[in-house]
Structure formats: structure tokens, C-alpha cells
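Beneath this line is the structure, given in C-alpha cells, with notes to follow.
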Amino acid sequence: MIAAPQTPLSLQVYRLATGLTQPFAKPLLEARARRGKEDPSRLGERLGAPSRPRPEGPVVWLHAVSVGESMSLLPLIEALVAERADLHLLATSGTRASAQLLGERLPERAIHQFAPVDTPGAVARFLEHWRPDAALFAESELWPNLILGARARGVRLALVSARMTARSARAWRGHAPEEALDAGAVAPLSPRPLTILVPRHPERAEEIARELVGYALARRSVGEAIRPDTEIYLADTLGEVGLFLRLAPIAIVGGGFAPDIGGHNPLEPARLGVGVISGPSVANHADLFAEMIEAGAALTAHDEAGLTALLARLMEDEAQRTRLGAAALAYANAQHGRLATALAQIRPLLPPP
């Protein structure tokens, strides 16, 4: 006889603790909604109550926490929809920004829902309704009740781009502001270019504007126009990153000057032929950055002064800017093979046609 594996004591304690917090989940979510952190019309989803019926047939569930992880899942979602006409996809996320992004970009046969909070009751309601056949979790989005509940129901599980960064291990501490550093690096340049800041979380717009007092700043969300003396354009909207990347020959990818974050994904600007610059902290995508730097598709600066010097050199040398963008596009195009590799690894987890 083979004994079933025992649940570690730490997970037993976690499950007990989250069970005790269940009565407080709804008022806490309502408080977050009053602060703009939750969608008040969809709080039921966060408690495991669906707002959409489950489609007939097999369902594959994909989960990401926020905008960056959701963006990384979109090519995989599109590939699965194209490959398997019988599949329905359920995409869940945890932020309003990611919900809006996925709502606008998901293909047919893909549904968005907010992920349930990780309490036993909310997780059980969610899983009993959706009954996914397989589940793919992006990055380091690890919620014990959700994962253990899915496994107990026979759901086949996989981590996509799995990593456990120092930031993740410290309970996902908040983004460190880098906007002031970027603005300070651009300020000495002559002629001074327009700086377009595209925050991952537009709800930070007021905070960012306070950090940048003293600069001539215009905000897109309130319809402020770019004038001849505008120094910074704060693109505090969703779904328009591609528009602004197409206007700029160079993109400073966020997170690289914040060790607690460890750099964001550089492939989005690269796919549009935009040269990539980052700070030195790129642990989240170390392999990507190493390959891109070797290919001449990305550059790094160690601090604000180094960023100023790098930008000045690129402004003066149009040929280098062009080479950087071309190399970034070539590198991004070469990554299609990685998607094929990921699909090959995922196919055994999918329900049979």
C-alpha cells in the first residue's frame, strides 16, 4: 500500500487561517472598491460567484495577476483558440487594469472573470461552476487554496514562464516609482525630447503627477493637449501602449531601476521594432535581456547619470538608433519558436479533441 502524501503543516495552517477570514472578505472587497481598487459591479466574481455561464465542452483556464502577466498570456490564448476549435478558454486576473485589457483583446471563445480571493469558500464556488479541464498559471501567481482545490478536482496544472523572484518571495511588494528617475535622466538632454510615461497601473496617475511637480506635464486621461512646452506626457490610459511605442524610437522598460521589481518584459517594444533600454535589475527576465544585449537589441544603464549619457548618445546617432530597433524586431520575431515549444509542452495537459 502506498500512502497518500500528507499536506504540509504550513498549508494546513494557511487553509485554516483563510477559512477564518472568509466573513471579512466581502467588506474588505467593498472597501477596496470604494478606493477604486476593485470593480464594484463584479465583486461577486472575487467571491467565486460567476457572472457568466460555463460554456459547453472542455474549458482551459489561464490565470495571470495583472497587466504584464496578462499580456504575456495573450499569444498563448490566441494560439490555443486557433489550434483547437472545440476549446473554450477562461482567463482570470486580479486587477481592474488587466480586466479591461483582456476584455478588449481576448478572442472569441475566451471569457474573462476576476480571480476569486484565495479563501476555501470562494475557491470552491469558482471551481464547481467552471470545472476546468486544465489550468495554466502565469509567472509566480501561486495561491495555495486555488492550486490545491484544482488539483483535488483532477485539473491538470502547469506554470507558464514560472519563476519565483525575490520580489515574489517577499509577498509581492509594490512597484518602486521610477518615473522621477526617467524624467531626471531626460531633463539635461538638448534638444529635449518629449517623454511619454505609460504606467502599468493607470490608477497611479495622481501619485506620478505629484512626483513630477515642476515639470510641464499633460495627462491623456483628462484630455490635456501636448503643447510646445510640454516636457512629459502621462499616458494614464489602458490599451494604448502599442500606439505610444509606435511614436518612439526608444523605450525605457520599467522595473529595471527597482531591485524589488527586477525588470518588466522587453518583448512588447521589441515586437514593434523599438529599441529597448533598461536599468540593471532584470532578474525577472535575465535570460531575455542577456540574449537581447548580446544581439544588440537592448542596452542597460546603471543609474540616472548613465541613462542620460546613453540617451544622449542615441539621440546623436540615428544609425545606432536604427540598428537597435532593427535588432530588437529581429530578436522578437525569432521568439515565435518559443511559443511553439510552449504549445508542445502544454498539449499533453489539454483534454482530447
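Odds and ends about this structure:
- Only Lys, Arg, Asp and Glu carry charge here, each on its Cβ (+1 for the first two, -1 for the last two); on that basis the chain has a dipole of about 1180 debye about its Cα centre.
- Only one residue of L217, T119, P202 has its Cα farthest out toward the positive end of the dipole of the chain, where Lys and Arg carry +1 and Asp and Glu -1 on Cβ, and that residue is T119.
- In the context of the full set of protein chains, residues of the chain present 50 Å² of accessible surface per residue (probe radius 1.4 Å, heavy atoms only).
- Loop-resident trypsin sites (Lys or Arg not before Pro) (DSSP state other than H, G, I, E or B) in segment 103-163 with no more than 15 further Cβ atoms inside 10 Å of their Cβ: R153, R163.
- Net length gained if the chain between E108 and A340 were fully extended (0.36 nm per residue, minus Cα distance): 81.4 nm
- DSSP-loop trypsin sites (Lys or Arg not before Pro) across segment 17-73, with at most 16 other Cβ within 10 angstrom: R35, K37
- Carbon plus sulfur fraction of accessible area for segment 203-353, probe 1.4 Å, in percent: 55
- Excluding exposed DSSP-loop GluC sites (Glu not before Pro) (at most 10 other C-beta within 10 Å), longest clean stretch of the chain: 109-353
- Between S41 and S221, residue separation times 0.36 nm minus the direct Cα-Cα distance comes to 62.6 nm.
- Note on L28 and E206: with the Förster distance fixed at 25 Å, the Cβ-Cβ geometry gives a FRET efficiency of about 0.65.
- Hz values of 3J(HN,Hα) by residue in segment 296-303 - Karplus curve (6.51, -1.76, 1.60), Gly and Pro given as x: x, 9, 8, 10, 10, 10, 8, 7
- Amide H within-cut-off set for L157, under 5 Å, with H built and near neighbours excluded: A135
- About the centre of its Cα atoms, segment 266-353 shows a dipole size close to 440 debye [charges on the beta carbon of Lys, Arg (+1) and Asp, Glu (-1) only; nearest 20 debye].
- Karplus 3J(HN,Hα) series, Hz, for segment 87-98 with 6.51 cos²θ - 1.76 cosθ + 1.60 (x for Gly, Pro): 8, 10, 10, 10, 9, 10, 8, x, 10, 5, 4, 5
- For L272, residues with placed amide H under 5 Å, excluding near neighbours: none
- Full extension of the chain between A187 and H129 yields a length gain of 15.5 nm, computed as 0.36 nm times the residue separation minus the alpha carbon distance.
- Amide H to amide H distances under 5 Å link L62 with L90, A91, T92, L136, where only residues 5 or more positions off or on other chains count and H is placed in the peptide plane.
The values are calculated or read from the model by the stated rules, or taken from the named source; none is laboratory data. Everything numeric in this text was worked out from a predicted model, so none of it was measured. Glycine also receives a Cβ, built like all others from the backbone with ideal geometry; neighbour counts cover every protein chain displayed. Side chains included, ligands, DNA and RNA excluded: accessible areas come from the protein's heavy atoms. Shrake-Rupley method; radii C 1.70, N 1.55, O 1.52, S 1.80 Å.
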